[in-house]
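Data first, discussion second: the structure below is written as structure tokens.
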Amino acid sequence: MENIDKENKYFRAKERVGVIKKFYTSLMSYFVFIGFLAALNYWTNQWRYPWFLWAAFGWGIGLVFHAVKVFGLNPFFGKNWEERKIKEYMQEEERKNRWK
């Protein structure tokens, strides 16, 4: 039984590392691609209109939401909230089953 627990922990940790790795890959792609767009913007119109900022802003919003999901930065529905709700619903289910 202990061996199964260790395997489960290992696979959960490996999955978590994979998710974090994907986020950092996305972040690196963001900087490379936005840097390329900024250089292209400079070479085409010498900063008269910084259109690359629209792409940076849009993609940046997506990255912020991705970071919130990956690192659990949600102040309203964090991990503690999830655990409390799960326990609450489990207790509620137990109470319902007692009266049947």
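Phe23 versus (1) aromatic (Phe, Trp, Tyr); (2) without any contact (Cβ under 8 Å) to a residue 12 or more places away in the chain; (3) part of a helix (DSSP H, G or I): which is the lone unmet condition?
(2)
For Asn80, only one of the following conditions fails: (1) at pLDDT below 90; (2) in a helix (DSSP H, G or I); (3) surrounded by 11 or more Cβ atoms within 10 Å (Cβ to Cβ). What is its number?
(3)
Mind checking which residues of the stretch 26-71 are surrounded by 12 or more Cβ atoms within 10 Å (Cβ to Cβ) and outside any helix (DSSP H, G or I)?
Pro50, Trp51
In the stretch 1-25, which residues are among the polar types (S, T, N, Q) and either surrounded by 10 or more Cβ atoms within 10 Å (Cβ to Cβ) or at positive phi (or both)?
Within the stretch 1-25, Asn8, Thr25 meet the criteria.
Scan the stretch 31-59 for residues that are closer than 19 Å to Ile20 by Cβ and of a type in the set (Gly, Ala, Ser) and jot them down.
The answer is none; no residue qualifies.
The values are calculated or read from the model by the stated rules, or taken from the named source; none is laboratory data. Owing to the predicted nature of the structure, the values given are computational and were not obtained by experimental measurement. Glycine gets a Cβ as well: all are built from the backbone with ideal geometry, and neighbour counts include every protein chain shown.
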